[in-house]
Amino acid sequence: PSKVEWVEKCALRWAFESVGGTRESTSAQEVGSLLHAIAEEHPHGDTEAILADFDARWTAAYGLDTWPERAAYAGGREMAIRLAAYLDSRADREVLIEHPFKLELGRAILSGKADRIELRDDGAYVVDLKTGRSLPTAAEAADNGQLAMYQLAVVEGAVPGVSATAGAELAYLSTGKAG
């Protein structure tokens, strides 16, 4: 599902990445991966544990000796604080984390992992955690291809025992906003 956006934005980039032509990861992507790992480890929140985990993982992977390292740490820690607040506000929900799926839909195969699927009485609610700085407009968020693919996967049986979607959102850790 995360590749759907690139099909719409730049089909050439999508084609290259589909056959393994990816560029080297950036420090922002590495911080994003670190925050996703923490979200996976603490699905029901716990601010103190999340911040301790962030600090421990940061110390193990990066330094704090230079100004760029300290600036990256401060920005990453702010996102960890937002992540903790977000997860704490949803601590009472039954949740699947990094839920893998692979479905055949006609000639197409839809596969991936959903960051977070909250199981509700009315269906599965999919949350995609975002650590990037660029925010979509409200109309772009409402028409997000990635969220549409996750919801299609839910309806088509990606979550055992669930056949309805209760919606989806993009949760932006860089700003604390959801779309």
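The values are calculated or read from the model by the stated rules, or taken from the named source; none is laboratory data. Bear in mind that the values here come from a model prediction, so they are computed numbers and not experimental data. Don't worry about glycine lacking a Cβ; one is built from the backbone with ideal geometry, like all the others, and counts go over all protein chains shown. Keep in mind that these areas ignore ligands, DNA and RNA; they rest on the heavy atoms of the full protein, side chains included. Shrake-Rupley method; radii C 1.70, N 1.55, O 1.52, S 1.80 Å.
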Next on the checklist: Going by what's in this entry, would Gly167 be described as modelled with pLDDT of 90 or more, among the small types (Gly, Ala, Ser), surrounded by fewer than 17 Cβ atoms within 10 Å (Cβ to Cβ) and not in a loop (DSSP other than H, G, I, E, B)?
Outcome noted: yes
Next on the checklist: Looking only at the range 133-173, how many residues end up being in contact with an Asp or Glu (Cβ under 8 Å, 6 or more places away or on another chain) and among the hydroxyl-bearing types (Ser, Thr, Tyr)?
Outcome noted: 1
Checklist entry - Among the numbered criteria (1) open to solvent by 40 Å² or more (accessible area, probe 1.4 Å); (2) part of a strand (DSSP E or B), which single criterion is violated by Asp92? => result (2)
Checklist entry - Among the residues of the range 134-151 satisfying the criterion of being open to solvent by 40 Å² or more (accessible area, probe 1.4 Å) and in contact (Cβ under 8 Å) with a residue 40 or more places away in the chain, which is nearest to Gly112 (Cα to Cα)? => result Met149
Item to check | Any chance Ala49 is surrounded by fewer than 19 Cβ atoms within 10 Å (Cβ to Cβ) and in contact with a His (Cβ under 8 Å, 6 or more places away or on another chain) | outcome: yes
Item to check | Lys113 vs. criteria without any contact (Cβ under 8 Å) to a residue 24 or more places away in the chain and closer than 29 Å to Ala49 by Cα | outcome: yes
Checklist entry - Can we say Gly112 is open to solvent by less than 50 Å² (accessible area, probe 1.4 Å) and not in a loop (DSSP other than H, G, I, E, B)? => result yes
Checklist outcome for this item: Only one of Val154, Val162 is open to solvent by less than 20 Å² (accessible area, probe 1.4 Å), out of contact with any Pro (no Cβ under 8 Å at 6 or more places or on another chain), over 29 Å from Gly76 (Cα atoms) and hydrophobic (A, V, I, L, M, F, W, C), namely Val154
Next on the checklist: Given the options Ile81, Ile117, name the one that is touching a Leu at 6+ places or on another chain (Cβ under 6 Å), at pLDDT 95 or above and either surrounded by fewer than 19 Cβ atoms within 10 Å (Cβ to Cβ) or assigned to a strand (DSSP E or B) (or both).
Outcome noted: Ile117
